[in-house]
Amino acid sequence: MAMCEGCNKLLGPVEAYRWAVCLECTKARHRAVVAHKCVCGNKRRPSDVHRIGSRTWTSCFRCLGQIRQLS
């Protein structure tokens, strides 16, 4: 069985056939795009610190939204 890339849960047979994330994570990713930040709340899965130039931030593996800008 395939695992969801966002929340590490098992994907259903229909989801695993075509996609790498579950429907919940897909909805969270859409909300993060609209809100321009992480929308996961307690389900948040922080990643390592990212850096481009002088800007540093942490993002969420589940919704791919920005959790916090460090500088």
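Only the coordinates and a few stated rules stand behind these numbers; no lab work does. Note that the structure is a prediction, hence the values are computed from the model and not measured. When we count neighbours, we look across all protein chains shown, and the Cβ atoms used for this are built from the backbone with ideal geometry, even at glycine.
Looking only at residues in the range 18-27 that are without any contact (Cβ under 8 Å) to a residue 24 or more places away in the chain and either among the hydroxyl-bearing types (Ser, Thr, Tyr) or surrounded by 11 or more Cβ atoms within 10 Å (Cβ to Cβ) (or both), the one that is farthest from LEU70 (Cα to Cα) is TRP19.
Candidates are the residues of the range 28-66 that are over 19 Å from CYS4 (Cβ atoms) and among the hydrophobic types (A, V, I, L, M, F, W, C); the one that is surrounded by the fewest Cβ atoms within 10 Å (Cβ to Cβ) is ILE52. Taking first residues from the range 49-64 that are of a type in the set (Ser, Thr, Tyr) and partners that are loosely packed, with under 15 Cβ neighbours inside 10 Å and in a strand (DSSP E or B), the Cβ contacts under 6 Å between residues at least 6 apart in sequence or on separate chains come to THR56/VAL49; THR58/PRO46; THR58/VAL49; THR58/ARG68; SER59/SER47.
Scanning the range 9-17 turns up one or more residues that are aliphatic (A, V, I, L, M), over 24 Å from SER71 (Cα atoms) and not in a helix (DSSP H, G or I).
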